[in-house]
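Enquirer: To start, I am sharing the structure in question, which I have written as structure tokens.
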Amino acid sequence: MPSANANPAAQINFIFRQLPDDVLDAIGAHRGGAYHQDAEASGVPPESVIAAVGGAAVAAGQDTLTIGFVQNVGKDYGGYSIIVGDATFEASAQSPEAGGAAAAANTFLTVSGADYIIQDQISHGGSGPNDAGASSEIAFVAVNINGWSPEGGPVVIELHQPGNQVGPDGHQPPDGNYAAVIATAEAHGADIATATQTDALTVVNQFSFVNGIAVVAV
């Protein structure tokens, strides 16, 4: 199993090392994960894989900060498709009144049509008398091999279990209320689709909120 710090290339190589030789030959790939055959040469009908990744963050208090970043990239190699993406959302708040600050953040992933999914998700959160902070991150690799599926259905490998809770990291919001979010989606291939959506909202001396999602189909 790849380590938690493995990059997408290492994770994909790990997946391809699990495949039988006849499957690799059929999709035109070798164990390094590289594609070496024209899309039409495999003779395998194309299949579709869809991945949606995103999250949200909210902070309540006199001074609040919420930020989000989402990216999702997919490519159809003919015999197989790969989608790689990640999302990070953070929230922090301060209040002159004890117990007047709150913060929450979450990320999510939905994948359809993939044979292998490797995901790494971790969250942090905590609060003090006058401040609160939270963050959530998720990163994933989804691979679909045309005309073949693992026995027992899709294989999901979780490098971290969701819900890890630790104390606040000490990051404090600037004066005022701030919200910013970016979502990008990119796809390469014949039958592809992408979509993104973001929302950001602030209310002076009260709260900040962001959410975002990026969807890729290859």
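The values are calculated or read from the model by the stated rules, or taken from the named source; none is laboratory data. Just so it is clear, the structure is predicted and the values come from calculations on it, not from any experiment. Cβ placement follows ideal geometry from the backbone for every residue including glycine, while neighbour counts extend to all protein chains displayed. For accessibility, only protein heavy atoms count, side chains too; no ligands or nucleic acids. Shrake-Rupley method; radii C 1.70, N 1.55, O 1.52, S 1.80 Å.
Enquirer: Which number in (1) surrounded by fewer than 21 Cβ atoms within 10 Å (Cβ to Cβ); (2) assigned to a strand (DSSP E or B) marks the one condition that A57 misses?
Expert: (1)
Enquirer: On to the next question. Picking from P20, P8, P2, which residue would you name as being in contact with a strand residue (DSSP E or B) (Cβ under 6 Å, 6 or more places away or on another chain), modelled with pLDDT under 90 and of a type outside the set (F, W, Y)?
Expert: Going through P20, P8, P2 in turn, the sole match is P8.
Enquirer: Does F140 fit the bill of being among the aromatic types (F, W, Y), assigned to a strand (DSSP E or B) and surrounded by 22 or more Cβ atoms within 10 Å (Cβ to Cβ)?
Expert: yes
Enquirer: What are the residues in the stretch 88-119 that are among the polar types (S, T, N, Q), within 15 Å of I157 (Cα to Cα) and surrounded by 18 or more Cβ atoms within 10 Å (Cβ to Cβ), if any?
Expert: Once the filter is applied, which keeps residues that are among the polar types (S, T, N, Q), within 15 Å of I157 (Cα to Cα) and surrounded by 18 or more Cβ atoms within 10 Å (Cβ to Cβ), the stretch 88-119 yields only Q119.
Enquirer: Residues being modelled with pLDDT under 95 and open to solvent by less than 50 Å² (accessible area, probe 1.4 Å): count how many of those fall in the stretch 171-216.
Expert: Residues that pass the stated criteria total 3.
Enquirer: Moving on to the next point. Tell me the strands (runs of 3 or more DSSP E) entirely within the stretch 63-132 that contain at least 3 residues that are small (G, A, S), free of Cβ contacts under 8 Å to residues at least 60 places away in the same chain and within 17 Å of L201 (Cα to Cα).
Expert: 102-112
Enquirer: Restricting to the stretch 61-77, and then to whatever is of a type outside the set (S, T, N, Q) and under 16 Å from A193 (Cα atoms), can you tell me which residue is surrounded by the fewest Cβ atoms within 10 Å (Cβ to Cβ)?
Expert: Ranking the qualifying residues of the stretch 61-77, first place goes to K75.
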